[in-house]
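Participant: Quick one: the structure is below, and I'll ask about it shortly.
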Amino acid sequence: MGYNMKKNISIAIDGPAAAGKSTVAKLVAKKLNFTYVDTGAMYRAVTFFVLKNKINPQDEKAVCALIPQIEIMLDENNNVFLNGKNVNKEIREREVAENVSYIASYKEVRIFLVKQQRKIASCSSVVMDGRDIGSYVLPNADVKIFQVASISTRANRRYKENISKNIECSYNDIEEELKKRDYIDSHREMAPLKKAEDAFELDTSNLDVSQVVDEILKIINQQIGDLL
Ligand code: CDP
């Protein structure tokens with residue numbers, strides 16, 4: 001008699017900046033009892049390390065030379081650790097947001113983080129959110145969602161999120177930053193932001209969080225309900 005081995009399942013949620021992916025992905029993961037993996041937080045942690053070491057984020061060679069000094073860990077409560085230190089708060093700072101897309105465009109940085117992301121997905125069932133999960137990191141993901149929303153919806157969501165966290169900001173600056181990041185993320189050479197051919201596109205402009213979660217759970221059930 002063989003063992004009844006249950007296969008690890010992976011759900012990929014991609015989309016542009018501030019489309020609400022992480023809020024929704026966290027809730028979907030909780031509902032399914034899967035591990036949530038915030039890959040954006042990993043790129044943000046590398047960016048924070050670069051800035052902390054006073055390296056110019058646009059100097060690819062200098063940035064990549066730091067990689068051997070970086071260890072990033074995520075725990076089951078969505079905490080992000082950089083070389084053993086919790087950096088949840090620091091990685092949400094404005095300077096990190098403004099520079100993260102440069103760092104994320106470097107091939108060596110991506111290879112370094114993607115390796116870790118694939119390893120996590122090979123050990124447990126995951127809901128992983130990012131830009132290239134369905135198209136590059138986990139091309140065989142069981143379900144792929146591409147979550148979009150209008151630029152004004154996204155800027156408004158990020159503005160409200162910042163205000164609720166007492167992070168000072170202006171709506172116009174946020175809209176500019178999101179547009180700039182979207183542009184860099186979609187035009188980089190390696191694994192750019194794009195919808196995988198087999199991904200479901202979900203426009204969340206007129207949906208609240210619970211409606212998006214319900215929609216995604218519905219898609220998951222239709223696709224792989226028998227595996228859950
Ligand atoms: O939360 P928000 O939408 O602002 O962004 P994030 O998910 O924290 O990602 C921050 C940045 O990391 C993105 O703008 C991308 O430049 C980069 N990123 C990436 O290149 N690939 C991923 N899989 C995830 C994030």
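Participant: Restricting attention to the stretch 147-174, report how many residues are within 13 Å of the ligand (Cβ to nearest atom), under 20 Å from residue 204 (Cα atoms) and not polar (S, T, N, Q).
Facilitator: Qualifying residue count for the region: 10.
Participant: Among the residues of the stretch 115-124, which ones are in a helix (DSSP H, G or I) and either more than 8 Å from the ligand (Cβ to nearest atom) or surrounded by 24 or more Cβ atoms within 10 Å (Cβ to Cβ) (or both)?
Facilitator: Quick first cut of the stretch 115-124, residues in a helix (DSSP H, G or I) only: 115-123.
Within the stretch 115-124, 115, 116, 118, 119, 120, 121, 122, 123 qualify.
Participant: With the condition kept exactly as written, say whether any residue in the stretch 182-190 is open to solvent by less than 30 Å² (accessible area, probe 1.4 Å), part of a helix (DSSP H, G or I), farther than 22 Å from residue 97 by Cβ and within 12 Å of the ligand (Cβ to nearest atom).
Facilitator: No, there is no match, as no residue in the stretch 182-190 is open to solvent by less than 30 Å² (accessible area, probe 1.4 Å), part of a helix (DSSP H, G or I), farther than 22 Å from residue 97 by Cβ and within 12 Å of the ligand (Cβ to nearest atom).
Participant: Does any residue of the stretch 194-209 turn out to be under 24 Å from residue 42 (Cβ atoms), in a helix (DSSP H, G or I) and open to solvent by less than 70 Å² (accessible area, probe 1.4 Å)? Walk me through how you get there before you give the answer.
Facilitator: As a first pass, look at the stretch 194-209 and keep what is under 24 Å from residue 42 (Cβ atoms): 194-196, 199, 202, 204, 209.
Then drop every residue that is not in a helix (DSSP H, G or I), which leaves 209.
Pick out the ones that are also open to solvent by less than 70 Å² (accessible area, probe 1.4 Å) and you get 209.
Checking the stretch 194-209: at least one residue is under 24 Å from residue 42 (Cβ atoms), in a helix (DSSP H, G or I) and open to solvent by less than 70 Å² (accessible area, probe 1.4 Å).
Participant: Could you check the stretch 170-181 and list, in sequence order, the residues that are surrounded by 15 or more Cβ atoms within 10 Å (Cβ to Cβ) and among the polar types (S, T, N, Q)?
Facilitator: none
Participant: Are there any pairs, at least 6 apart or on different chains, whose C-beta atoms fall under 8 Å, with the first in the stretch 146-159 and touching a residue at least 24 places away in the same chain (Cβ under 8 Å) and β-branched (Val, Ile, Thr) and the second assigned to a helix (DSSP H, G or I) and open to solvent by 30 Å² or more (accessible area, probe 1.4 Å), and if so, which?
Facilitator: Pairs found: 151/175; 151/179.
Participant: Go through the stretch 130-152 and give me each residue that's open to solvent by less than 10 Å² (accessible area, probe 1.4 Å) and either within 15 Å of residue 17 (Cα to Cα) or of a type outside the set (A, V, I, L, M, F, W, C) (or both). Walk me through it before giving the result.
Facilitator: In the first step, residues of the stretch 130-152 are kept if they are open to solvent by less than 10 Å² (accessible area, probe 1.4 Å); the result is 130, 132-134, 137, 143, 145, 147.
The answer is 130, 132, 133, 134, 145, 147.
Participant: For the stretch 125-140, indicate whether the set of residues that are over 15 Å from the mean Cα position of the chain (by Cα) and either near the ligand (Cβ under 10 Å from one of its atoms) or in a strand (DSSP E or B) (or both) is non-empty. Break it down into steps so the answer makes sense when it comes.
Facilitator: Here is the first cut: in the stretch 125-140, the residues over 15 Å from the mean Cα position of the chain (by Cα) are 125, 139-140.
Next, only the ones that are either near the ligand (Cβ under 10 Å from one of its atoms) or in a strand (DSSP E or B) (or both) stay: none.
No.
Participant: Go through (1) of a type outside the set (A, V, I, L, M, F, W, C); (2) over 22 Å from residue 144 (Cβ atoms); (3) open to solvent by 50 Å² or more (accessible area, probe 1.4 Å); (4) more than 19 Å from the chain's Cα centre (by Cα) and name the single condition residue 223 misses.
Facilitator: Residue 223 satisfies every listed condition except (2).
Participant: Hand me the list of helices (runs of 4 or more DSSP H) wholly inside the stretch 1-98 holding 2 or more residues that are away from the ligand (no atom under 16 Å from the Cβ) and over 16 Å from residue 112 (Cβ atoms). Give the steps one after another, and end with the answer.
Facilitator: On the way: elements: 21-32, 39-52, 60-65.
By residue number, 21-32.
Participant: I've got another one for you. Between 105, 101, which is within 14 Å of the ligand (Cβ to nearest atom) and open to solvent by 20 Å² or more (accessible area, probe 1.4 Å)?
Facilitator: Working: 101 fails: open to solvent by 20 Å² or more (accessible area, probe 1.4 Å).
Unique residue meeting the criteria: 105.
The values are calculated or read from the model by the stated rules, or taken from the named source; none is laboratory data. It should be emphasised that the depicted structure is a prediction, and the values quoted were computed from it without experimental measurement. So basically every Cβ, Gly included, is an ideal-geometry build from the backbone, and we count neighbours across all protein chains shown. The accessibility values were calculated without ligands, DNA or RNA, using every heavy atom of the protein model including side chains. Shrake-Rupley method; radii C 1.70, N 1.55, O 1.52, S 1.80 Å.
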